[in-house]
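Working notes, beginning with the structure itself.
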Amino acid sequence: MPQPTAPAQLSALEHIKANSRFLRGTIDAGLADRTTGAISEPDTKLLKFHGSYQQDNRDVRDERRRQKLEPDYGFMVRVRLPGGVLTPQQWLGLDELAGRYASNGLRITTRQTFQFHGIRKEQLRDMIGGINAIGLSTLAACGDDVRNVICSVNPLLSSSHAQVYDWALKIMDHVKPHTTAYQELWIDQNEKTSDGAGDEEPLLGQAYLPRKFKFGIAVPPYNDIDVFAQDFGLIAILGEDGELQGFNLAPGGSMGATAGDPKTYPSLGDLIGFVTPDHLLETCWHAVAVQRDFGDRSERKHARLKYTIDDRGLQWFHDELQSRLSFRIEPPRPYHFEHNGDRYGWTKGDDGRWHLTLQIPSGRIRDVEDHPRQTGMREIARIHKGEIRMTCDQNLIIAGVAAKDRAAINTLVKQYGLDDYKRASGLRLHALSCVALPTCGLAMAESERYLPHILDKLEELLDHHGLRDEPIHFRISGCPNGCSRPYMGEIGLIGRAVGKYDLRIGADHIGERLNAIYKENIGEDTILATLDEVFGRFATERKRGEHFGDFVVRTRIVTPPKRRPTVRPSA
Ligand code: SRM
Ligand code: SF4
């Protein structure tokens, strides 16, 4: 059985982190250096913890190389926004920052927050400083730490949702980094940072975590966060009166895999128990600590919690966690999921206020012909008195609208082309794509830019088979890292090379089953011909009410992967 990583085996990044003086490195000097649009390689790794990635525009990479110019560097900045809730004023603040510094509007992510792309090095301090000035942060939005804690966006059950949202904030606060480097670099904007002598990281440690760590809380019956895709999923258990009783614990999920490396794979979390709300923070702290102590620090591809668990067993993880807790983990409690997508249109909350879910294709908020979404959302934010909530399907909710204010919101939604959801096919309403080209350095194929085209083509097939309104979950990503959680799509396309994708089918409609590979490394013609045939069978052979993913599994077109064996409850 593998033991905690021996010092001699540590990966290079472990040394960079441990010697970074709590994430300072030489980022200050790198930002000041105006001879290049980039910062040093080790600093790019540390910058991630501060919420930013150095990228370059891949559309012009070859041309610039030919011209002997350095790459067209720009920085991606990601906001940390646990639970995905903004005030309209904060929306306006982010909108203004996007207009001033970013190249492509605002981008809602699959973890309920925002990214901005193409920020120049000399503007990075103003961008991140500006985000902090409106009461938000970017610390730990990326990097080997606990990422943005996500939670169900569930306006129908707003009292329980409010409690769960509150827990998402508390977890984030409890496990976030303590370094003062962030304050020095971006808020005080010191030209030279301190040596960090007074800093400590009581949970994460001087070398931080072996890899990213993701928490998410779902509120049944809606699994709108894909709770089993989290390193540590939490399922809120509500009593008959709607009161929060506690949380089922589901560790061991995550999507990332590497093409051609069978030792890496997507995986779903599995239930190990239940804890009451008063024990939640202690549980989360120690779950992170187990991974801090046992995660693989020699091989980054093998450093997620799912591999720690699979190398040692789910029972081992349960027992190790239990040994660190001051209370007994109880057996998991029953729950039931109905759906893992967003529900569009207006819904009424139990406090009488209204919530409008709008579809934002790929989460991109910018003005394009016929769809001035950025201007439209700005106008809405100017009159809206409630909140704006981001969803894990890259959509947003105009939340907390008084009945008398609905008409004004409706007028703006229509005027600015934000009401497309009313006319979209079932597939389009349930489509997710990652960013991919031109900014993502890991992209092997198009995703966000390809989505409108492939949806048009697939809709033609669905129309032909009378399946236009069928709510099929479709997810595309530009590489096997799986940022759009494509392994949980009833149909998933995973980029392998320019114009080539793996086609996976057979996830369920509630986020409890992964899909399986159907055809590897195929181009558009084969994708369409293959799906045409399967859609044809689905249209004629399906059982009443059967979803597409369930159909292809029942008819053995694919066989889904198995889940882990269950654990013994605590003695
Ligand atoms: Fe992701 C890396 C974008 C959600 C798994 N992800 C990246 C990077 C930073 C590329 C890089 O490392 O150079 C991408 C930046 C692209 C760009 O140009 O902006 C990127 N990931 C995204 C976002 C923006 C996709 C989107 O279209 O919304 C999502 C931001 C979430 C957030 O707000 O925090 C995003 N990434 C995810 C998810 C989905 C989720 O968490 O629910 C996953 C799958 C779950 C998981 O963690 O496995 C995901 N991203 C990865 C991985 C694979 C990690 C692994 O363990 O194998 C990478 C690669 C890596 O970390 O080395 C990655
Ligand atoms: Fe980039 Fe791959 Fe993530 Fe898409 S799935 S954003 S291509 S890392």
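Here are a few things to note about the model shown:
- Farthest towards the positive end of the charge dipole of the chain, among the residues Gln67, Tyr165, Leu203, is the Cα of Gln67, using unit charges on the Cβ of Lys, Arg, Asp and Glu.
- Distant-in-sequence amide H partners of Met444 (H built 1.01 Å from N, under 5 Å): Cys479
- Each listed q (0.15, 0.29, 0.31 Å⁻¹) maps to a log10 I(q)/I(0) for segment 268-308, found by the Debye formula over equal Cα scatterers with no solvent: -0.45, -1.02, -1.06.
- Semi-axes of the equivalent ellipsoid for segment 388-441, Cα gyration tensor, largest first, Å: 27, 14, 11
- Relative contact order computed over segment 136-226 (Cα-Cα under 8 Å; 6+ residues apart), in percent: 44 percent
- Kirkwood-Stokes translational diffusion coefficient of segment 424-530, alpha-carbon pairs, 20 °C, 1.002 mPa s, µm²/s: 159 µm²/s
- Annotation: lysines with alpha-carbon distance below 27 angstrom to Lys68 (same-chain offsets under eight excluded): Lys45, Lys121.
- Using every pair of separate Cα atoms, the Kirkwood estimate puts the hydrodynamic radius of the chain at 24.3 angstrom.
- Rounded to the nearest 20 debye, the dipole magnitude of the chain is 460 debye, with +1 charges on Lys and Arg beta carbons, -1 on Asp and Glu beta carbons, and the Cα centre as origin.
- Debye log10 I(q)/I(0) at q = 0.30 Å⁻¹ for segment 66-121, Cα point scatterers: -1.25
- Dipole orientation for the chain: of the candidates Ile491, Asn154, Phe232, Ile491 has the Cα lying most toward the positive pole (charges on Cβ; Lys, Arg +1; Asp, Glu -1).
- Qualifying lysines (Cα of each under 20 Å from Cα of Lys306; at least 8 residues distant if same chain): Lys212, Lys214, Lys263, Lys562
- Radius ratio Rg over Rh of segment 193-241, counting only Cα atoms, Kirkwood formula for Rh: 1.25
- In segment 109-168, the ratio of gyration radius to Kirkwood radius, Rg to Rh, stands at 1.07 when only Cα atoms are counted.
- Spatial extent of segment 215-333: Rg and Dmax, with the Cα atoms as the point set, Å: 14.6, 50
- Using a cutoff of 8 angstrom between alpha carbon atoms and counting only pairs six or more residues apart, the relative contact order for the chain works out to 13 percent.
- Aspartates and glutamates with Cα under 15 Å of Lys170, excluding same-chain neighbours fewer than 8 positions away: Asp278, Glu282
- Along segment 304-316 the Karplus relation, 6.51 cos²θ - 1.76 cosθ + 1.60 evaluated at θ = phi - 60°, assigns HN-Hα couplings of 7, 4, 4, 6, 4, 5, 6, 5, 10, x, 5, 4, 4 Hz to successive residues, with x for each Gly and Pro.
- Annotation for segment 135-189 versus segment 513-571: alpha-carbon center distance of 35 Å.
- The HN-Hα couplings worked out from phi for segment 280-294 by the Karplus form 6.51 cos²θ - 1.76 cosθ + 1.60 (θ = phi - 60°) are 5, 5, 4, 4, 5, 4, 6, 4, 5, 5, 4, 5, 4, 7, 10 Hz, whole numbers, x standing for Gly and Pro.
- Span from the segment 238-277 Cα centroid across to the segment 1-56 one, whole angstrom: 30 Å
- Contact order relative to length of segment 311-462, as percent, for alpha carbon pairs under 8 angstrom and 6 or more apart: 20 percent
- Taken one residue at a time, the phi angles of segment 244-254 give Karplus couplings (6.51, -1.76, 1.60, θ = phi - 60°) of 6, 8, x, 9, 6, 9, 9, x, x, x, 3 Hz. Gly and Pro are set to x.
- Segment 69-217 has equivalent-ellipsoid semi-axes of 25, 22, 14 Å, by the square roots of 5 times the alpha carbon gyration tensor eigenvalues, sorted largest first.
- On the principal axes of its alpha-carbon atoms, segment 143-202 has extents of 49, 24, 18 Å, going from largest to smallest.
- Cα centroid separation - segment 312-376 against segment 433-495, whole Å: 20 Å
- Ranked list, fewest to most other Cβ atoms within 10 Å of each Cβ, for Asp370, Asp188: Asp370, Asp188
- If you take the alpha carbon atoms of segment 309-415 and fit the smallest convex hull around them, that volume is 197 Å³ per residue.
- Cα-based equivalent ellipsoid of segment 158-237: semi-axis lengths in Å, sorted from largest, via gyration tensor: 33, 15, 10
- Within segment 89-172: Cβ-based charge dipole about Cα centre, in debye rounded to nearest 20 (Lys, Arg +1; Asp, Glu -1): 140 debye
Each reported figure results from applying straightforward, stated rules to the coordinates on display, with no laboratory input. None of the values given here were measured: they were computed from a predicted structure. Cβ sites come from the backbone with ideal geometry, for glycine too, and all protein chains shown count toward neighbours.
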